[in-house]
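Following: one structure in structure tokens, then a few remarks.
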Amino acid sequence: MKKKTVFKWLNRFVTGVLMILLIGVAFLAVTAKLTGGDPQVFGYQLKTVLSGSMEPDIQTGSVIAVKPIADEQRGDLKKGDVITFMESEDKLVTHRIVDSKTTGNGVIYTTKGDNNNAADSSPVLAENVVAVYSGVTIPYVGYISSFAQSPNGSIAFLIVPGLLMLGYSGFTIWRAIRELDDQKNKPVDVPNS
């Protein structure tokens, strides 16, 4: 009897983990496709860190949460804020503001990676700032996130859990049918009269 209870508990646990994994990955994949890039959770964008310029606080391969910034807030940032900005048309960078200046063209920020020896060579126009770092970092998940967004990663993280769940469901059904057959073939005790 105890063996059946353990099996039922294990069955529920494995099914729950597979469902959570499948739903979580599907959610991240769908939000990434809908937003046209990085997934969003509760209004924060999740960005993968690809360099060590902000180490030791933000390690290479980490995922960080950044809050998108409104146009009117871009000029209000201050020294010490960690911002994500467009360095070029297809490259985002997350560095710390070390200085800001107001010019006739608007606010310009001087940024620097915490692990870099010198400030960035190009100043950042306030209009190029896209988000502010929230302080939330999840180490090493960026490697998994980058892989999950690749074609091979999509297969591994969407199809494989689905197949595992399908296989596990088939195993559970087979086991239930076997138990029913065992009960059906069990000899019935007939009392002697």
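Structure notes:
- Of the criteria (1) in contact (Cβ under 8 Å) with a residue 24 or more places away in the chain; (2) in a strand (DSSP E or B); (3) farther than 19 Å from Gly135 by Cβ, which one Thr110 fails: (1)
- Odd one out for Gln59, checked against (1) under 18 Å from Tyr143 (Cβ atoms); (2) out of contact with any Pro (no Cβ under 8 Å at 6 or more places or on another chain): (2)
- Residue within region 122-139 that is over 17 Å from Leu77 (Cα atoms) and free of Cβ contacts under 8 Å to residues at least 40 places away in the same chain present: yes
- Residue in region 135-193 that is modelled with the highest pLDDT, counting only those that are under 30 Å from Asp57 (Cα atoms), part of a loop (DSSP other than H, G, I, E, B) and not polar (S, T, N, Q): Pro139
- The number of residues in region 62-93 that are within 15 Å of Tyr140 (Cα to Cα) and part of a loop (DSSP other than H, G, I, E, B) comes to 1.
- Only listed residue being of a type in the set (Lys, Arg), surrounded by 13 or more Cβ atoms within 10 Å (Cβ to Cβ), at pLDDT 85 or above and farther than 23 Å from Phe147 by Cα, chosen from Lys67, Lys79: Lys67
- Hey, Val130 of a type in the set (A, V, I, L, M, F, W, C) and more than 30 Å from Gly24 (Cβ to Cβ) or not: no
- When region 94-138 is limited to residues that are charged (D, E, K, R) and either closer than 24 Å to Gln45 by Cα or under 30 Å from the mean Cα position of the chain (by Cα) (or both), the one that is surrounded by the most Cβ atoms within 10 Å (Cβ to Cβ) turns out to be Arg96.
- Taking every residue in region 61-87 that is over 16 Å from Lys47 (Cβ atoms) and pairing it with any residue that is of a type outside the set (Lys, Arg) and surrounded by fewer than 15 Cβ atoms within 10 Å (Cβ to Cβ), at least 6 positions away or on another chain, the pairs with Cβ-Cβ distances below 8 Å are Asp71/Glu127; Arg74/Glu127; Gly75/Thr102; Gly75/Gly106; Lys79/Val98; Lys79/Asp99.
The values are calculated or read from the model by the stated rules, or taken from the named source; none is laboratory data. The structure presented is a predicted model; accordingly, all values stated were derived computationally and were not measured. Neighbour counts are summed over all protein chains in view; Cβ atoms, including those assigned to glycine, are modelled from backbone coordinates with ideal geometry.
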